[in-house]
Amino acid sequence: MTYKNIFISFLMTLTIGLAAWTALLSLRPQRISTHQNTSLPDAFMEDVISIVMDKEGNPKMQIVTPRMIHYVENDTTQLITPKLTLYRKSPIPWQVTSKFAKATQGTENVNFWDDVLIRHPGDENNPVTVIKTPTLTVHPNKNIAETNDFITLIQPNLEVNATGMRADMNTGDIKLMSRARGAYVPNS
């Protein structure tokens, strides 16, 4: 055997080896990256009107917002100028509005901030009520709203300022936490 034959045999073996290696690489499944950046939104909606029903098919809650942005992390949703309506045992619902809100864990907690306004038009058991505060947390499944911030509660002929509040929107009971000062405001 000559060096020429050995060299040709070596090149042929090398070529066959490279061809086999390339073929094996092309047959191997490609890895798809499943890592998601949870700080980026995964969905958004505009001009949203969302109604959540209870088990009997009655409205439980309604969310109206011009823009809703959802993030995977903590199942968080940012809402711009939201209007949350909480239906309850009474036919007259409570409404919460603000410039911004963030719902976490679906709609387990909804945190409102910047010009928060709570309104209840009144019913046979509760007077017309308006509450103003800078921040508010609503627990829609419990029909509870609470804040540790300064509030102004306005009812017919009454204005109360306090720090902190817990409102049961089913019963209409509003518990003021501290520094409550009220004033009789006669109709003019």
Q: Determine the pairs where a residue that is hydrophobic (A, V, I, L, M, F, W, C), located within region 83-106, has a partner that is part of a loop (DSSP other than H, G, I, E, B) and modelled with pLDDT of 95 or more with Cβ atoms under 7 Å apart, the partner being 6 or more residues away or on another chain.
A: Ala101/Pro82
Q.
So, in region 72-117, how many residues would count as being part of a strand (DSSP E or B) and in contact with a helix residue (DSSP H, G or I) (Cβ under 6 Å, 6 or more places away or on another chain)?
A. 1
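Given the criterion touching a Pro at 6+ places or on another chain (Cβ under 8 Å), at pLDDT below 90 and either within 30 Å of Pro140 (Cα to Cα) or aromatic (Phe, Trp, Tyr) (or both), identify the matching residue among Val72, Val52. Outline the logic, then answer.
On the way: Val72 fails: touching a Pro at 6+ places or on another chain (Cβ under 8 Å).
Testing whether each residue is touching a Pro at 6+ places or on another chain (Cβ under 8 Å), at pLDDT below 90 and either within 30 Å of Pro140 (Cα to Cα) or aromatic (Phe, Trp, Tyr) (or both) leaves just Val52.
Which count do you get for residues in region 75-92 that are over 15 Å from His120 (Cα atoms), among the aliphatic types (A, V, I, L, M) and either modelled with pLDDT under 90 or exposed (fewer than 14 other Cβ atoms within 10 Å of the Cβ) (or both)? So that I can check it myself, show each step before the final result.
Here is the first cut: in region 75-92, the ones over 15 Å from His120 (Cα atoms) are 75-82.
Imposing the further condition that a residue be among the aliphatic types (A, V, I, L, M) reduces the set to 79-80.
Applying the additional criterion that residues be either modelled with pLDDT under 90 or exposed (fewer than 14 other Cβ atoms within 10 Å of the Cβ) (or both) yields none.
Counting residues in region 75-92 that are over 15 Å from His120 (Cα atoms), among the aliphatic types (A, V, I, L, M) and either modelled with pLDDT under 90 or exposed (fewer than 14 other Cβ atoms within 10 Å of the Cβ) (or both) gives 0.
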Q: Scan region 22-48 and report the pairs whose first residue is more than 18 Å from Ile63 (Cβ to Cβ) and whose second residue is at pLDDT 70 or above, with Cβ atoms within less than 7 Å and a gap of 6+ or a chain change.
A: Gln36/Val72; Thr38/Tyr71; Thr38/Val72; Thr38/Glu73; Ser39/Glu73; Asp42/His70; Asp42/Tyr71; Asp42/Val72
Q: Give the residues of region 121-139 that are modelled with pLDDT of 90 or more and either surrounded by 14 or more Cβ atoms within 10 Å (Cβ to Cβ) or within 13 Å of the chain's Cα centre (by Cα) (or both), sorted by residue number.
A: Thr129, Val130, Ile131, Lys132, Thr133, Pro134, Thr135, Leu136, Thr137, Val138, His139
Q | Evaluation of Ile16 against (1) at pLDDT 70 or above; (2) out of contact with any Ser or Thr (no Cβ under 9 Å at 6 or more places or on another chain); (3) within 16 Å of Gly106 (Cα to Cα) (one fails), failing number | A | (3)
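The values are calculated or read from the model by the stated rules, or taken from the named source; none is laboratory data. Everything numeric here is computed off the predicted structure, so don't read it as measured data. Every residue, glycine among them, receives a Cβ derived from its backbone with ideal geometry; neighbour counts consider all protein chains shown.
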